[in-house]
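Asker: Submitted below is the structure of interest, expressed as structure tokens.
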There are 2 protein chains.
Amino acid sequence: MLSVIPISKAYRLLNHGPTVLVTTAHGNQRNVMAAAWNMPLDFDPPRIAIVIDKKTYTRELIEASGSFAINVPCRAQAEIVVKVGSSSGRELLGKPESDKFAAFQLPTFAASNIAAPLLEGCVAWLECKVIPEPHIQDTYDLFLAEVVAAQVDDRVFSQNKDGQYLWHFEGHDELRTIHHVAGGAFMAIGEAFTQANP
Amino acid sequence: MLSVIPISKAYRLLNHGPTVLVTTAHGNQRNVMAAAWNMPLDFDPPRIAIVIDKKTYTRELIEASGSFAINVPCRAQAEIVVKVGSSSGRELLGKPESDKFAAFQLPTFAASNIAAPLLEGCVAWLECKVIPEPHIQDTYDLFLAEVVAAQVDDRVFSQNKDGQYLWHFEGHDELRTIHHVAGGAFMAIGEAFTQANP
């Protein structure tokens, strides 16, 4: 089931470095792209950093709307990640499948704080509002954003018996986060372990 | 064995989101800290982004030297990662163990282009020179850097039969990269897979 988590724990959804899907909407336009280059930037208020290339349609929609969602996809969605990462939503404008959601039959649900749709089947969602920093956006394609809401699939992310919010993928290999290396070569996240400070 | 890789492939060492160790040196001072918040920023010239908190001794040495190394640690080094991530090099100044390398008995070797020592036993090393961006350094603790040299442990990162530079951890579980979630809870990187665009 979907669960809302405390916003101060949102960084834990990205801390381990998953490849993500960025969804956007502005007016009746919407898009989804893949992005491996993302990271947390602060705990509370939670902020993230992400690279959004100038050539992308997503960039246009982010600059118009000032917001986007980070959807954390899972092993079962690897084909979707490669499909949306290998095509441009701009090329679909005016076609019968007017966007990638239609073209690839990707069901979505509404975000709570932003216009961007959230992609069903992912394991975590972070709703983000851009912190305007024009110089680094222009020079490095680097966007900073505040996370204003965070949800998870609580089959794989929830509080443990000690009250800690953590990932727990055991028994759910198809829901493991995926981590792109290059050219369609990925690794799924693997074994969990705890390392105490001796 | 250690191998130098083409600088244009350096992003592949961080693309899957490992937690890293940052080493620094200035004059006869040196330090090492853990950093989960890092990502590639560009392919060629390769650039990276990393968060370095104002309170850290590493920050002081990076600002003084203008350079640092990213060392990618492995499963066998998890205890080292937690130790260096839970202590400050500043507290060791003037003590018999003058830095964390001495205190934790961490062997190092020389970098090729910068003063920072490289930590033995890691699986990849990126030598980085800071791209000065004072506003985001001051406001967000966010540093951008150009990667000027990259080395790997070629037991787990090398060219495959198709000439692609990729990670290959099969048979080397102790060398898998580690991905911190929070409070000493980690995940090792797991199963590799290729997803073609159908």
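Asker: List pairs: first residue in segment B:166-183 and closer than 20 Å to B:ALA36 by Cα and away from chain A (no Cβ under 11 Å), second residue open to solvent by less than 20 Å² (accessible area, probe 1.4 Å) and of a type in the set (D, E, K, R) anywhere in the structure, Cβ distance under 9 angstrom, at least six positions apart or on different chains.
Answerer: From segment B:166-183, the pairs are B:LEU175/B:ASP153.
Asker: From the list B:VAL81, B:VAL51, B:VAL22, pick out the single residue that is in contact with a helix residue (DSSP H, G or I) (Cβ under 6 Å, 6 or more places away or on another chain) and open to solvent by less than 30 Å² (accessible area, probe 1.4 Å).
Answerer: Matching residue, one of B:VAL81, B:VAL51, B:VAL22: B:VAL22.
Asker: Are there any strands (runs of 3 or more DSSP E) wholly within segment A:1-101 with 1 or more residues that are at the interface with another protein chain (Cβ under 9 Å from one of its Cβ atoms) and β-branched (Val, Ile, Thr), and if so which?
Answerer: Fully inside segment A:1-101 and qualifying: A:47-51.
Asker: What number of residues within segment B:170-185 are open to solvent by less than 30 Å² (accessible area, probe 1.4 Å) and not in a strand (DSSP E or B)?
Answerer: Looking only at that region, the number is 2.
Asker: For segment B:100-145, name all the residues that are touching a Cys at 6+ places or on another chain (Cβ under 7 Å) and among the β-branched types (Val, Ile, Thr).
Answerer: B:VAL123
Asker: Pairs please, first residue from segment A:92-110 and within 21 Å of A:LEU2 (Cβ to Cβ), second anywhere and of a type in the set (Asp, Glu) and open to solvent by 30 Å² or more (accessible area, probe 1.4 Å), Cβ atoms under 6 Å, 6+ apart in sequence or on different chains.
Answerer: Pairs that qualify, where the first residue is within 21 Å of A:LEU2 (Cβ to Cβ) and the partner is of a type in the set (Asp, Glu) and open to solvent by 30 Å² or more (accessible area, probe 1.4 Å), are A:PRO107/A:GLU120.
Asker: Could you list, in sequence order, the residues of segment A:118-152 that are more than 20 Å from A:ILE62 (Cβ to Cβ) and open to solvent by less than 10 Å² (accessible area, probe 1.4 Å)?
Answerer: A:VAL123, A:VAL152
Asker: Moving to a separate point now. Go through (1) open to solvent by 10 Å² or more (accessible area, probe 1.4 Å); (2) among the hydrophobic types (A, V, I, L, M, F, W, C); (3) closer than 22 Å to B:ALA36 by Cα for A:LEU41 and report which single condition fails.
Answerer: Failed condition: (1).
Asker: Follow-up. Quick one: would you say B:LEU61 is of a type outside the set (Lys, Arg), open to solvent by less than 10 Å² (accessible area, probe 1.4 Å) and farther than 29 Å from A:ALA35 by Cα?
Answerer: So B:LEU61 fits the description; yes.
Asker: Is it the case that segment B:84-99 has a residue that's β-branched (Val, Ile, Thr), touching a Leu at 6+ places or on another chain (Cβ under 6 Å) and open to solvent by less than 10 Å² (accessible area, probe 1.4 Å)?
Answerer: No; the residues of segment B:84-99 include none that is β-branched (Val, Ile, Thr), touching a Leu at 6+ places or on another chain (Cβ under 6 Å) and open to solvent by less than 10 Å² (accessible area, probe 1.4 Å).
Asker: Further question on the same structure: For segment A:106-127, indicate whether the set of residues that are out of contact with any Phe, Trp or Tyr (no Cβ under 8 Å at 6 or more places or on another chain) and within 14 Å of chain B (Cβ to nearest Cβ) is non-empty.
Answerer: no
The values are calculated or read from the model by the stated rules, or taken from the named source; none is laboratory data. It should be emphasised that the depicted structure is a prediction, and the values quoted were computed from it without experimental measurement. Note: ideal-geometry Cβ built from the backbone for every residue, glycine included; neighbour counts use all protein chains shown. Heavy atoms of the whole protein, side chains included, go into the accessibility calculation; ligands, DNA and RNA do not. Shrake-Rupley method; radii C 1.70, N 1.55, O 1.52, S 1.80 Å.
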